[in-house]
Amino acid sequence: MLSESVRIRLDLGYEGTDFSGWARQPGLRTVQGELEAVLARIFSRTGPAPLLTVAGRTDVGVHATGQVAHVDLTAEQLASLGTARRSPGVEALARRIDGALGARRDIEVARTSLAPAGFDARFSALWRRYEYRIADAPAAHDPRRRRHTLWHPAELDLEAMNDAAEVLLGLHDFASFCKPRELATTIRELQAFRWERDEDGVLVARLQADAFCHSMVRALVGACVAAGEGRITAGRVDELRAAEQRTSEFKVLPALGLTLTEVGYPPDEELAARAERTRARRDSENVA
């Protein structure tokens, strides 16, 4: 017999240029809004319409190749897929969604799968990984990639950018790099941050943290670009971080170069405990 509800994991990507971010907003085109509208059509005879929970709510114009979300389906909704609990019907949901989005879709659901017990796309996550692409003067400027690579008119110093990135690593209050939100903490653990040039000479930053606050990645990248231009030193970047105040000494860069590439989770047997700890911490931060 089917349980009352079943949690489905969605692995997806999107080209974020024409979206007003992930989160649904009245009158605006968002990734969540598009997907939930499709789910409402798929399950129109078996309401209520399912709602999505996502690992990371990306900002306006940000792309994703490794986004993760979950949706809870009722027994009736699951049965409407023409399948029992562990049959290919759960996996076929990805094809149903992509088909409803159309052939020229800018969202792609790569797979849908039965979520392990205790899985929460948001609260079970251990870390999120992003990359940011900049084609500076020496790099190839491929017009086919203009919607997800920032073009910079001058050459940037890769070593100086990595020096700046290194001083930002660790557990800090990143208030200098976050757009403030009421009752939201700006304490984050930046676990990895490194710049490299790819085969076309494009500068690619790869960052990983337990979570990122609003505009944090684009501000961190902006500080490194300022260092790469020779306008500030790594030491000054460290001072600005320690000041825990927004500054005009570097720019928050545009969203087009930013992509969420991966979300990391613990082993299945640790998912529920991780979600409980994260939820409790977020609740205590909001109360404080």
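Quick note: the coordinates plus some simple rules give every number you see, no bench work behind them. It should be emphasised that the depicted structure is a prediction, and the values quoted were computed from it without experimental measurement. Quick reminder, even Gly has a Cβ in these numbers, built from the backbone with ideal geometry, and neighbours come from all protein chains shown.
Would you mind ranking 123, 250 by Cβ crowding within 10 Å, fewest neighbours first?
Working: 123 20, 250 24.
The order, fewest Cβ neighbours first, is 123, 250.
Please sort by residue number the trypsin sites (Lys or Arg not before Pro) in region 82-154 whose DSSP state is loop and whose Cβ has at most 16 other Cβ atoms within 10 Å.
Values: sites: 85, 86, 95, 96, 104, 105, 111, 122, 128, 129, 133, 144, 145, 146, 147; in loops: 85, 86, 104, 105, 122, 146, 147.
Within region 82-154, the qualifying trypsin sites (Lys or Arg not before Pro) (loop, at most 16 other Cβ atoms within 10 Å) are 85, 86, 104, 105, 146, 147.
Report the net charge of residues surrounding residue 155, where surrounding means a beta-carbon distance below 13 angstrom and charges are Lys +1, Arg +1, Asp -1, Glu -1.
On the way: positive: 197; negative: 136, 157, 159, 229.
So the environment of residue 155 carries a net charge of -3.
Fewest first, what order do 198, 11 take by the number of other Cβ atoms within 10 Å? Could you put the intermediate results ahead of the total?
Numbers: 198 12, 11 18.
Neighbour counts put them in this order, fewest first: 198, 11.
Angle between the Cα long axis of helix 88-101 and the longest principal axis of the chain, 0 to 90 degrees, nearest 10?
Relative to the chain, helix 88-101 is tipped by roughly 60 degrees.
Net charge near residue 214: determine it from the other residues with C-beta under 11 Å of the C-beta of residue 214, scoring Lys and Arg +1 and Asp and Glu -1.
Values: positive: 57, 179, 181, 218; negative: 59.
Once positives and negatives cancel, what remains is +3.
What number, in percent, do you get for the relative contact order of the chain if the mean sequence gap of Cα pairs under 8 Å and at least 6 apart is divided by its residue count? Don't jump to the answer; show the numbers that get you there.
Values: 620 pairs, mean separation 66.1, N = 288.
With pairs under 8 Å counted, the relative contact order is 23 percent.
Nearest 10 degrees is fine. How inclined is helix 158-167 to the longest principal axis of the chain, computing both from alpha carbons?
70
With everything on Cα atoms, drop me the angle between helix 234-243 and the longest principal axis of the chain, reported from 0 to 90° to the nearest 10.
60
May I ask you to evaluate 6.51 cos²θ - 1.76 cosθ + 1.60, the Karplus curve with θ = phi - 60°, for each residue of region 199-204 and list the ³J(HN,Hα) values in order in whole Hz, giving x for glycine and proline?
5, 9, x, 6, 6, 10
At a 10 Å Cβ-Cβ cut-off, how would you order 58, 261, fewest neighbours first?
Details: 58 27, 261 17.
Ordered from fewest to most neighbouring Cβ atoms within 10 Å, 58, 261 come out as 261, 58.
Please work out which option in [x] 76, 41, 36; [y] 54, 44, 42; [z] 64, 46, 36 gives Cα extents along the principal axes in Å calculated from these coordinates, and answer with its label.
Of the listed options [x] 76, 41, 36; [y] 54, 44, 42; [z] 64, 46, 36, [z] comes from this structure.
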